[in-house]
Amino acid sequence: MQFLWSTVASFVVLLSISLTTSVPIEEAFNHCLTLHSQTHNQFSSSIYTSTNASFTSILESTAQNLRYLLPSVPKPDFIFTALDDSQVQAAVLCAKQLRIHMRVRSGGHDYEGLSYASLIEKPFMVLDLAKIRAVNVDIEHNTAWIQAGATIGEVYYRISEKSSVHGFPAGLCTTLGIGGHITGGAYGSMMRKYGLGVDHVLDAKIVDANGRVLDRAAMGEDLFWAIRGGGGGSFGVILWWKIKLVPVPQTVTVFTVTKTLEQGGNKLLHRWQRVAPKIDEDLFIRVIIQPGNSSVPGKRTVTTSYNALFLGGADRLLRVMKHGFPELGLTRKDCVETSWIKSVLYIAGYPDGSAPEVLLQGKSTTKAHFKAKSDFVREVIPEKSLNSLWEIFLQEDGPLMIWNPYGGMMSRIAESATPFPHRKGVLYKIQYVTGWIDGEKSMAKHMNWMRKFYFYTAPYVSKYPRETYVNYRDLDIGMNQKNNTSFFQAFSWGYRYFKGNFNRLVKVKTKVDPSNFFRHEQSIPPLPTGKKG
């Protein structure tokens, strides 16, 4: 799309405003928007500053990690809630011209708050896409165009509204903003059958660093490759994804079976490591690991909950389990046959009986102060080592691990097909989380436990590099400095997120954003061929 530039006279006015330090940056930004946007409205009503009564509620609206809303964390100078594509385009142009550092938020689930906080740059603004959330499903062609601010739950609902035998293989948490979710890969309970969300993206529309709206043909295959798994906030602002839908059965089956250590949980988990990546690819069995009450009064134990989706009926599931994982002891009464859309609610943890319409609420009601990390496991952890792992696990108040099995389709897609490289040879991924409710008071204690536990698990997970999932950002493994995204510094975490794909991502970044307009604490660095902007 060709952008209509303002007149020279208007640009001179804008330039004079940007150079006048007495004019607040949000006023200069507002004036610039009126010059550049193709829609005519009062932008001031979409710009929220700290003096605005709605500022805090807008800032906190989709932010998931309360750790980045603490008073000690720098807040944006203003938030702009765009209403359409042209306003996003204008916002990028204006932020660039006025030299305002921009963070882009579609869902706010990012684990280190990079879409609504900045630890390295001030002043900064947040471009919030929450009001750009259309979902246009085309069942006839098995596709949908979805806007960045829509949640994955809304996408699932709109698909199910049109068809009970179509789905999309993306996230388990339904309040994820689709814009950022797919930029990191988008895994979910159908990944063993169909791969990741990024493996089913057909097209996209983005605003690049020059303020142009580009689709797949206009951006070229290198940039299209980079945005499908290369992490958010490095290459442009996602406006739309075009996704390919996948077939799902009329009836699927879900179950949750929980075992404590006293019930043989350790031996069972050891067995799961061998079985879950190789069992029928219609079956996804993740393990949710938490502390629980022991049969010994006053003592805690570890509970392992086997939480599953099977793309088929209960009778076939029971045959698969009897042959592949009889140790779990699954029975017919453990199985719940349901529709695919209701399985989404089940896996996401909604209360029994929840109507699918709950997915249209669009944002999470649960938030926490938390710290998370991730690992990919390529060799079975010995049973004896699991026993010693629990000793440290139970030292924390409210730790959580989720083990997600790989295998199936995930093993058949090349590491270089998308920037997401964690494919063949991965048995499962571990997500580590610890949360707390008293803010900064006990934060150091919980953060230190997480780092200790992560250090302890190092011998049992992938090595050279110790692979990590980009959508579970972890600033412990390295950070860019203020407007200085050094390739050599970034390699320390970039190689862990992307393995050999990191070099290609850097080449794409250097080509499409050499001045490094789109940047954050772990953005992809350009090579030093252009002046930083």
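Here are the numbers for this structure:
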read-out: LEU360/LYS162 FRET efficiency (R0 25 Å; Cβ-Cβ; nearest 0.05); value: 0.95
read-out: Accessible surface, per residue, of segment 47-135 when the full set of protein chains is kept, probe 1.4 Å, Å²; value: 31 Å²
read-out: Mean Cβ count within 10 Å, highest first, over the residues of peptides 343-353, 75-85, 177-187; value: 177-187, 75-85, 343-353
read-out: Contour excess over end-to-end distance, with Cα ends at GLU379 and SER44 and 0.36 nm allotted per residue; value: 115.0 nm
read-out: Packing-based ranking, highest mean first, of 120-128, 447-455 given that Cβ atoms within 10 Å are counted; value: 120-128, 447-455
read-out: Summed residue charge, Cβ within 11 Å of MET479's Cβ, Lys/Arg positive, Asp/Glu negative; value: -2
read-out: Separation in nanometres of the label points that stand 7 Å from Cα toward Cβ, at ALA414 and THR143; value: 2.4 nm
read-out: Rel. contact order, % - alpha carbon contacts under 8 angstrom, at least six apart, segment 135-247; value: 32 percent
read-out: Antiparallel bridges, percent of DSSP beta bridges restricted to the chain (to nearest 5); value: 85 percent
read-out: Spatially near lysine pairs across segment 313-398, Cα under 29 Å, sequence gap of 8 or more or different chains; value: 10
read-out: Computed [θ] at 222 nm, helices only, for the chain once each DSSP H run of length n ≥ 4 contributes -39500 (n - 2.57); value: -8500 deg cm²/dmol
read-out: Sites GLU262 and VAL23, calculated FRET efficiency, Cβ-Cβ separation with R0 60 Å, nearest 0.05; value: 0.35
read-out: Label-point separation in nm, ALA444 to VAL336, each point 7 Å along Cα→Cβ; value: 4.4 nm
read-out: Charge dipole (debye, nearest 20) of the chain; +1 at Cβ of Lys and Arg, -1 at Cβ of Asp and Glu; value: 1300 debye
read-out: Helix 8-18 vs. the chain, principal-axis angle (Cα, 0 to 90°, nearest 10); value: 70 degrees
read-out: Carbon plus sulfur fraction of accessible area for segment 284-427, probe 1.4 Å, in percent; value: 52 percent
read-out: Total formal charge among the other residues, if their Cβ is under 14 angstrom from that of LYS162, Lys/Arg +1 and Asp/Glu -1; value: -3
read-out: Relative contact order, percent, the chain [alpha-carbon distance under 8 Å, six or more residues apart]; value: 15 percent
read-out: Spin-label zone in segment 460-486 - amide nitrogen under 19 Å from a point set 7 Å from the Cα of LEU70 along the C-beta vector; value: 473-479
read-out: Karplus-derived 3J(HN,Hα), 6.51/-1.76/1.60, for each residue of segment 433-446, Hz, glycine and proline x; value: 9, 9, x, 8, 10, 9, x, 6, 4, 10, 4, 4, 4, 6
read-out: Reachable lysines from LYS507, criterion Cα separation under 24 angstrom, eight or more residues apart if same chain; value: LYS96, LYS205, LYS482, LYS499, LYS531, LYS532
read-out: Fraction of accessible area attributable to carbon and sulfur, segment 25-128 (%, probe 1.4 Å); value: 52 percent
read-out: Pairwise label distance in nanometres, THR251 with LEU475, each label 7 Å out on the Cα-Cβ vector; value: 5.1 nm
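The values are calculated or read from the model by the stated rules, or taken from the named source; none is laboratory data. Please read all numbers here as calculations on a predicted model, not as lab measurements. Here Cβ is always computed from backbone atoms with ideal geometry, including for glycine, and neighbour counts include all displayed protein chains. With ligands, DNA and RNA removed, areas are computed over all heavy atoms of the protein, side chains included. Shrake-Rupley method; radii C 1.70, N 1.55, O 1.52, S 1.80 Å.
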